[in-house]
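Here the structure comes first, spelled out in structure tokens, and everything after it is commentary.
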Amino acid sequence: MTTPSPAAQALLERFAACRGWEQRARLLLEYGQQLPALSPDERTDQRLIRGCESPVWCLAGWPAGRLQLQLDTDARLLRGLLEVLRIRLSGLTPEQLGEVDLADWYSQLGLARQLSGSRSNGLNAVYQYVMQSRPA
Amino acid sequence: MLQLAVDGQTWLDSAATAQKPRAMLEALQQWYASGVANVHRAQHRPGERATSAFEQARGTIARWLNAASASHIVLTKGTTESINLLAHALAGQFQPGDEILVGAHEHHANLLPWQQLARRQNLALRILPLDTTGALDLEKGLDMLGPRSRLLAVSPLSNVLGRRHDLAPLLQRARELDVLSVVDGAQYAVHQRPDLQQLDADFFACSAHKLYGPDGIGLLYAHPRRHALLQPWQWGGEMIEHCDYHSASARPLPLGLEAGTPNIAGTIAFAATLDWLDKLDSNAIRQHEAALHRLLIDGLHARDMQLVGQPDTALACFNAPGVHSADLAMLLGEQGVAVRAGQHCAMPLLHSLRLGGAVRVSLGLYNDAEDLQRFFEALDAALEILA
């Protein structure tokens, strides 16, 4: 089990302080605004993750063996969910990435429902995509 | 239904699948608890009992649909399988260049089997356009039916547009031109009891699970004038009339299209559901649903929501100006209101309307004004956050 980074720890504390769905939603919107948008040119079909109700674009690189992640989508809350994912995964090594328990992460944030199989917002698909981008 | 209320959930996604009546649950329980057997096979008494219950259920289903005979009802997994079955069973009826016509509003289940058949056999797939209200453009549709037309596949009620289409003129023209006609009744059968003899289409498909019945059972009605055209699409089990190592022949309809052990429990429970529906006052239900639908539309208009088309039955798809449908659906879900967001298995239609998605609210006979009030409260709260 990898320990979340300081940024992820801070995020965790902010979500833990939320009372009710409204505060969590507002916080998600706030994080969604921080997620840098990709330019239209960068939104290529190759980077498009299929199987999501809203299209999600993903760019994963491994400079110096650590994950650098860019994610983008149009839906604002989904942007927040992606930013929360980006903060948790950024800077991890390939080995650390394999040890992340995504369900546990979203559950700690009070967002477990957003990861369940019946929701097709593609968070699992993004994680799988990033896993496959790991250098051999 | 009760358990949903206990969990604080408001079910407004009946167009996806409906909640179940006690009569259906009891029929399932009784069938499995009283000793099962396979149908159309054994000589023992449990086998006879099973066959008789199964065929009686087929009779109930046929009567409910006002089909002329139970032998016109082929039991399938559901609408999707019924239409896929047809696209294979009718494959021999097409020459390259023949036309298949489908509505622009069709669910993927009534588009993709025909699209793929057209690709396999080099047929022309033509799309019947809609008018601005979301109804089929009858004039254009009638013009498109011509000498090369071989099959017409349409739905009288779309799962996105919630608007009833009058198919009678198209079906009549199809009969005159000897064009095969297929009606996808998955949504329609829930809100208007079908009269298949009056409709007079060659084929009609619907699913039990949207009709308050069990999952995994549905039907294909085939008019007897078309029975001889249908070739078996799956082989095995009791659909065989004669068989040796190198050849086989199939039994006549309906058994010849029902390979393998059928969904006996589902069929019996589906018939029990229809018996239950039959005892309800269908006029009262129609009025109740119409009144709820008006409430829904009025409430959406009052909030300046953008409706997709002009829905008149059972459901409404909409978007809030400047708000992503996925965001809205997520916040409604957070508040225990079960609606559906996305493209509703009708991607080409949403694409042609230049919509990335929409939120759909759909009604069942068990919904009431309180459900809609909870929906609108949740909608207001969600919009306040997303504004």
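Could you work out how far apart the two model spin labels at A:ARG66 and B:TRP235 are, taking each label as a point 7 Å from the Cα in the direction of the beta carbon, and quote it in nm?
The two pseudo-label positions are separated by 6.4 nm.
What helices in chain B pass both tests, a Cα length along the helix axis of 27 Å or more and a mean Kyte hydropathy of -0.5 or higher, using whole DSSP H runs?
Membrane-span-like by this criterion, though nothing is claimed about a membrane: B:282-302.
How high is the relative contact order of chain B, in percent, with contacts defined as C-alpha pairs under 8 Å that are six or more residues apart?
Value for chain B: 23 percent.
Sorted by accessible area (1.4 Å probe), largest first, how do B:LEU355, A:LEU92 line up?
In descending accessible area the options line up as B:LEU355, A:LEU92.
I'd like the carbon and sulfur percentage of the solvent accessible area for segment A:6-132, probe radius 1.4 Å, heavy atoms only, ligands and nucleic acids excluded.
47
Placing +1 at every Lys and Arg Cβ and -1 at every Asp and Glu Cβ, with all other atoms neutral, what dipole size does segment B:53-208 have around its Cα centre, in debye to the nearest 20?
320
Per residue, how many Å² of accessible area does segment B:42-122 show with a 1.4 Å probe?
41
Any aspartates and glutamates with Cα under 13 Å of the B:LYS140 Cα? List them, leaving off those in the same chain fewer than 8 positions away.
Within reach: B:ASP131.
Counting only the heavy atoms of the protein chains, how much of B:ASP200 is accessible to a 1.4 Å probe, in Å² to the nearest 10?
Accessible surface of B:ASP200 is approximately 40 Å².
Using only the alpha carbons of chain B, determine the length spanned along each of the three principal axes and report them from longest to shortest in whole angstroms.
Cα spread of chain B along its principal axes, largest to smallest: 70, 54, 36 Å.
In Å³ and rounded to a whole number, note down the convex hull volume per residue for the Cα atoms of chain A.
Looking at chain A, the number lands at 108 Å³ per residue.
Quick query: amide H of B:ALA358 versus all other amide H atoms, modeled in the peptide plane; which residues come in under 5 Å with a sequence gap of 5 or more or a different chain?
Here B:GLY342 satisfy the definition.
Let me have the 222 nm mean residue ellipticity of chain B computed from DSSP H runs of 4+ only, each contributing -39500 (n - 2.57), with the sum over all residues rounded to the nearest 500.
-12000 deg cm²/dmol
Got a sec? Which residues in segment A:54-98 would a label at A:GLN33 touch, if it sits 7 Å along Cα→Cβ and we count backbone N under 20 Å?
A:71-87
With +1 on each Lys and Arg Cβ and -1 on each Asp and Glu Cβ, and nothing else charged, work out how big the dipole of segment A:1-123 is about its Cα centre, in Debye to the nearest 20.
The calculation lands at about 280 debye.
Determine ³J(HN,Hα), in whole Hz, for all residues of segment B:230-245 in sequence, where each value follows from phi through the Karplus function 6.51 cos²θ - 1.76 cosθ + 1.60 and θ = phi - 60°; x replaces Gly and Pro.
The phi angles translate into 8, 9, x, 10, 9, 10, x, x, 7, 7, 7, 8, 8, 7, 10, 5 Hz.
Chains B and A: buried accessible surface, both sides, probe 1.4 Å, rounded to 100 Å²?
Buried area between the two chains comes out at roughly 1500 Å².
Can you give the log10 of the normalised intensity I(q)/I(0) at q = 0.10, 0.18 Å⁻¹, computed with Debye over equal Cα scatterers of segment B:13-123?
Scattering profile of segment B:13-123, log10 relative to I(0): -0.49, -1.07.
Starting from the Cα gyration tensor of segment B:281-386, multiply each eigenvalue by 5, take the square root, and state the resulting semi-axes largest first in whole Å.
Semi-axes from the Cα gyration tensor: 22, 17, 12 Å.
Please name whichever of A:LEU48, A:LEU69, A:LEU102 sits farthest to the positive end of the charge dipole of segment A:8-123, dipole taken about the Cα centre and charges placed at Cβ: Lys and Arg +1, Asp and Glu -1.
So the residue we want is A:LEU102.
What are the extents of the Cα atoms of segment B:62-128 along their three principal axes, listed from largest to smallest and rounded to whole Å?
Principal axes ranked by extent give 38, 27, 20 Å for the Cα atoms.
Expressed as a whole number of Å, what is the distance separating the alpha-carbon centroids of segment B:164-183 and segment B:78-115?
15
In percent, how large is the relative contact order of chain A, given Cα pairs closer than 8 Å and 6 or more residues apart?
Relative contact order of chain A: 29 percent.
Using alpha carbons only, what's the Rg to Rh ratio of the protein assembly as shown with Rh from Kirkwood?
With Rh from the inverse mean 1/r over Cα pairs, Rg/Rh is 1.01.
Over segment B:219-346, what is the relative contact order in whole percent, taking alpha-carbon pairs under 8 Å and six or more residues apart?
With pairs under 8 Å counted, the relative contact order is 12 percent.
Per-residue mean of other chain beta-carbon atoms within 10 angstrom of the beta-carbon, peptide B:327-336?
For peptide B:327-336, the averaged partner shielding equals 5.
Between the alpha-carbon centers of segment A:36-113 and segment B:209-255, tell me the distance in whole angstrom.
48
The values are calculated or read from the model by the stated rules, or taken from the named source; none is laboratory data. Note that the structure is a prediction, hence the values are computed from the model and not measured. Heads up, the Cβs are rebuilt from the backbone with ideal geometry, glycines too, and the neighbour counts pull from every protein chain shown. Just the protein is used for accessible areas: all its heavy atoms, side chains included, with ligands, DNA and RNA removed. Shrake-Rupley method; radii C 1.70, N 1.55, O 1.52, S 1.80 Å.
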